[in-house]
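S.K.: I am attaching a structure below and will ask some questions about it afterwards.
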Amino acid sequence: MNIEINPERIEELAIMLTRQRSITETVEEQLVTEKVTHFFKDMKYYKEHPEDLITVPVPNDPWGRKSVISVLRGKKAAEHKKTVILIGHTDTVGISDYGDLKELAHLPYELTAKLTERKEQLPLDVQADIETGQYLFGRGIFDMKAGNAIIMSMMEEIEKNLDEFAGNIIYCAVCDEEANSAGMRSCVPKLVELREKNQFDYTALINTDYMTSEYPGDQYKYVYVGTVGKLMPSFYVVGKETHVGEAFKGLDPNQLVAELTRRINLNTDLCDIVEGEVTLPPMSLKQQDLKPEYSVQTAKTAHAFYNFATHYSTPDKVLEKMQGIAMEAFEAVLEAVNEQYKKYSELNGRTIETLPFAAKVMTYRELYDAVRSENGPELDEQLELLRQRWLLDETIDDRDYALKEVEWLQMMWTNQAPVIITYFTPPYYPHIYVEGKSQQEQKLLKAVEDAVNTTETDYQLVYKKFFPYISDLSYAAAPKEMDAVDALKQNMPGFGVKYSLPLEDMQQLQLPVVDIGPFGKDSHKFTERLEKNYSFNVAPVLVQKTVMNLLGDL
Ligand SMILES: [Zn+2]
């Protein structure tokens, strides 16, 4: 069956969704979800099958946000259980970057006209794009309301010939992607439930989030099979405080943290390389000592965490690497400090001694075990009480929460000697590598390859592995190996308490993923813009062909 592509309708829907402001972590998100719900309610199919339009609320959400899942069942060959899942996020980032144009940020035609008027004030590449007449500006139009419009229009077209359509479509319009992915995390268990209830045969999960140039002058348009993952390896560093007047009596945790950053930050030895595709190296996201006040006493503790992108490394492997680096860093600092102490003693004509510190590195789990064996079950009771208090405190986010547990636990320990504790700070986004090992993976690879190779266009289309941006695609699967998952659960303080991830459901879902997005530039900047021709005419064809290939016998 051939599905019509309707570029005018896609544009109309993209504009309609963009005009509804839906900044992440605001009540506005409810309104855009409502718009999507109404769109489906107006369709004949959902009038007949209201049960196929499912609202999925985010549990305990301060903004009352919801996602909406629409199931569209083909009527040709009802026994045909093959199903394609599509996802799109309906929230956007904020608009403070628009300055005096804030009021126009959600009016794409008006904003585009205004920016055209002020062209000279804009960067040269933006000016050049405006001159082509092919770009529409607006907050969220590119990231990713046009992507949602592609899916919605496709479902409208499929509905017109539902009797001829074999297979099923499930579309999840999810909230909170730009913040904490609460929408997708709450939809995953629902998808598992729907599969069990209906014996759906899930083939793959397609995201239509944006695609952009990978480097200046890049002429390619990309489709990405699989996705990058993200971990945040973290270090809680305990030194020994001292008065600055007795410099060599202490061990400065700031020096230890600095050495960690020197060894980890932008270190390309830590890139994950798969099939020639390289992750970005780790980057520092936080580094601070934990001494609250100014004084001439040095800090006792410090902490740091890093963004760590993955293509193949699982949490257990990353933790192992970080343990190794922490040990090397610790030893290097001790050597450097001893060296300085020796020189200082020589300069003062004193006898040379070695400082009394030894390098020690342990995981959060090892720390817990050590403290638990000293305190027994009473430790858990105390921790539980503290947890309840921290959970009620709205100023404590997932990151602070993890640190609080480590800090408290280490403080409870009788051994107060310098140590580096390694752990993970939330969130965790598993990578998905579509290698072609299973039939399901092979099918997706073929479906995409065929879609790319048979689409006639002036654009240079290529498909690659690994969508390079952190996205909800990560939640379509999780590592199956017990060690990998255990390393995460046991070393991410607050896992299952403050931060929840439906890991078992993700493991069950275990779907290969692909991102086929509209093209544009500058997402999350006020110059966010969508290129119309590719986005409304080419990307929809690729999505449609991939869907049909997945449902068919390719
Ligand atoms: Zn996005």
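The values are calculated or read from the model by the stated rules, or taken from the named source; none is laboratory data. Just so you know, these numbers come straight off a predicted model, no measurement behind them. Cβ atoms come from the backbone with ideal geometry, glycine included; neighbour counts cover every protein chain shown.
S.K.: Looking at the structure I just gave you, is THR112 buried (at least 17 other Cβ atoms within 10 Å of the Cβ) and over 21 Å from the mean Cα position of the chain (by Cα)?
M.R.: On the way: buried (at least 17 other Cβ atoms within 10 Å of the Cβ): yes; over 21 Å from the mean Cα position of the chain (by Cα): yes.
In short, yes.
S.K.: Can you list residue pairs whose Cβ atoms sit under 8 Å apart, with the first residue in the stretch 140-158 being closer than 11 Å to ILE169 by Cβ and the second being within 13 Å of the ligand (Cβ to nearest atom) and outside any helix (DSSP H, G or I)? Count only pairs 6 or more apart in sequence or on different chains.
M.R.: ILE151/GLY88; ILE151/THR208
S.K.: Another question about this same structure. If you go through the stretch 440-476 one residue at a time, how many are among the small types (Gly, Ala, Ser) and touching a Leu at 6+ places or on another chain (Cβ under 6 Å)?
M.R.: 3
S.K.: Would you say GLY88 is assigned to a strand (DSSP E or B), at pLDDT 95 or above and either within 16 Å of the ligand (Cβ to nearest atom) or in contact with a Leu (Cβ under 6 Å, 6 or more places away or on another chain) (or both)?
M.R.: Yes, satisfied.
S.K.: If ASN60 meets every condition in (1) away from the ligand (no atom under 16 Å from the Cβ); (2) under 24 Å from ILE150 (Cβ atoms) apart from one, which number is that one?
M.R.: Condition (2) is where ASN60 drops out.
S.K.: I'm checking my understanding of the structure. Among residues of the stretch 125-155 that are over 16 Å from TYR534 (Cβ atoms) and assigned to a loop (DSSP other than H, G, I, E, B), which one is farthest from the ligand (Cβ to nearest atom)?
M.R.: The selected residue is GLY138.
S.K.: Name the residue that is surrounded by the most Cβ atoms within 10 Å (Cβ to Cβ), counting only residues in the stretch 460-514 that are of a type in the set (Lys, Arg) and under 23 Å from ALA402 (Cα atoms). Walk me through it before giving the result.
M.R.: Here is the first cut: in the stretch 460-514, the residues of a type in the set (Lys, Arg) are 464-465, 480, 489, 498.
With the extra rule that they be under 23 Å from ALA402 (Cα atoms), the set shrinks to 489, 498.
Details: LYS489: 15, LYS498: 21.
Only one residue fits best here, namely LYS498.
S.K.: Report those helices (runs of 4 or more DSSP H) wholly inside the stretch 294-404 carrying at least 3 residues which are within 29 Å of the chain's Cα centre (by Cα), charged (D, E, K, R) and surrounded by 15 or more Cβ atoms within 10 Å (Cβ to Cβ).
M.R.: Values: elements: 315-347, 364-375, 377-392.
The qualifying helices (runs of 4 or more DSSP H) are 315-347.
S.K.: Take TYR429 and tell me if it is touching a strand residue (DSSP E or B) at 6+ places or on another chain (Cβ under 6 Å), at pLDDT 95 or above and not polar (S, T, N, Q).
M.R.: Taking the combined requirement at face value, the residue satisfies it.
S.K.: What number of residues within the stretch 362-396 satisfy the criterion of being among the hydroxyl-bearing types (Ser, Thr, Tyr) and either touching a residue at least 12 places away in the same chain (Cβ under 8 Å) or touching a His at 6+ places or on another chain (Cβ under 6 Å) (or both)? Spell out the reasoning first.
M.R.: Residues of the stretch 362-396 that are among the hydroxyl-bearing types (Ser, Thr, Tyr), as a first pass: 363-364, 368, 373, 395.
Those left that are additionally either touching a residue at least 12 places away in the same chain (Cβ under 8 Å) or touching a His at 6+ places or on another chain (Cβ under 6 Å) (or both): 363-364, 368.
So the count comes out to 3.
Results for (1) of a type in the set (Lys, Arg); (2) touching a residue at least 60 places away in the same chain (Cβ under 8 Å), shown as yes or no for each residue.
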| site | (1), (2) |
| --- | --- |
| VAL237 | no, yes |
| LEU256 | no, yes |
| LYS286 | yes, yes |
| GLN297 | no, no |
| PHE308 | no, yes |
| VAL318 | no, yes |
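S.K.: Among the numbered criteria (1) small (Gly, Ala, Ser); (2) surrounded by 21 or more Cβ atoms within 10 Å (Cβ to Cβ); (3) closer than 25 Å to GLU193 by Cβ, which one does ALA105 miss?
M.R.: Of the numbered conditions (1) small (Gly, Ala, Ser); (2) surrounded by 21 or more Cβ atoms within 10 Å (Cβ to Cβ); (3) closer than 25 Å to GLU193 by Cβ, the odd one out for ALA105 is (3).
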